[in-house]
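Since the structure comes first, as structure tokens, the remarks are kept for the end.
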Amino acid sequence: MIRQVYHYAVAFITLVMVIGGGVFAFMAVADYVSPGTYTETYEEFKNMREYNPKFENNEEKEEISEEELKRQYDVMVEQRIENEKQRALNSFVKSLGWIIIPLPIFIFFQRRISREKGTK
């Protein structure tokens with residue numbers, strides 16, 4: 001009786017782990033396909049560059065053209081999107097671990113439970 005409860009408990013726990021890994025893997029794929037990054041607007045980026053506190057001491061600021069500032073903003077946005085995609089990919093790989101590791105254990109105990117039911 002105790003052995004049967006143990007088999008069911010292990011099968012249930014590993015099944016929950018596999019399902020959780022599947023959910024997290026799906027969420028990671030969704031984050032990769034459509035990364036939800038926060039990026040400030042171009043106006044906020046521009047204001048941040050213009051009113052930088054490190055130039056408060058009457059140091060000379062180099063003037064950056066509007067085109068260069070826009071290019072820097074576009075590069076920053078692309079970098080944030082790429083970083084978010086990389087995080088999603090890392091999360092996906094970790095989620096696969098939650099599927100691949102407990103799945104053989106679940107299958108093993110499920111077969112053992114089926115075999116014990118068949119012999120009774």
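The values are calculated or read from the model by the stated rules, or taken from the named source; none is laboratory data. All figures in this text were calculated on a predicted structure; none of them were measured in a lab. When we count neighbours, we look across all protein chains shown, and the Cβ atoms used for this are built from the backbone with ideal geometry, even at glycine. For accessibility, only protein heavy atoms count, side chains too; no ligands or nucleic acids. Shrake-Rupley method; radii C 1.70, N 1.55, O 1.52, S 1.80 Å.
A few notes on this one:
- Among the residues of segment 91-111, those that are assigned to a helix (DSSP H, G or I) and either without any contact (Cβ under 8 Å) to a residue 40 or more places away in the chain or open to solvent by 90 Å² or more (accessible area, probe 1.4 Å) (or both) comprise 93, 94, 98, 100, 104, 107, 108, 111.
- Residue 85 among the basic types (Lys, Arg) and at pLDDT below 90: no
- Sole residue being in a helix (DSSP H, G or I), of a type outside the set (Val, Ile, Thr) and at pLDDT below 95, chosen from 44, 63: 44
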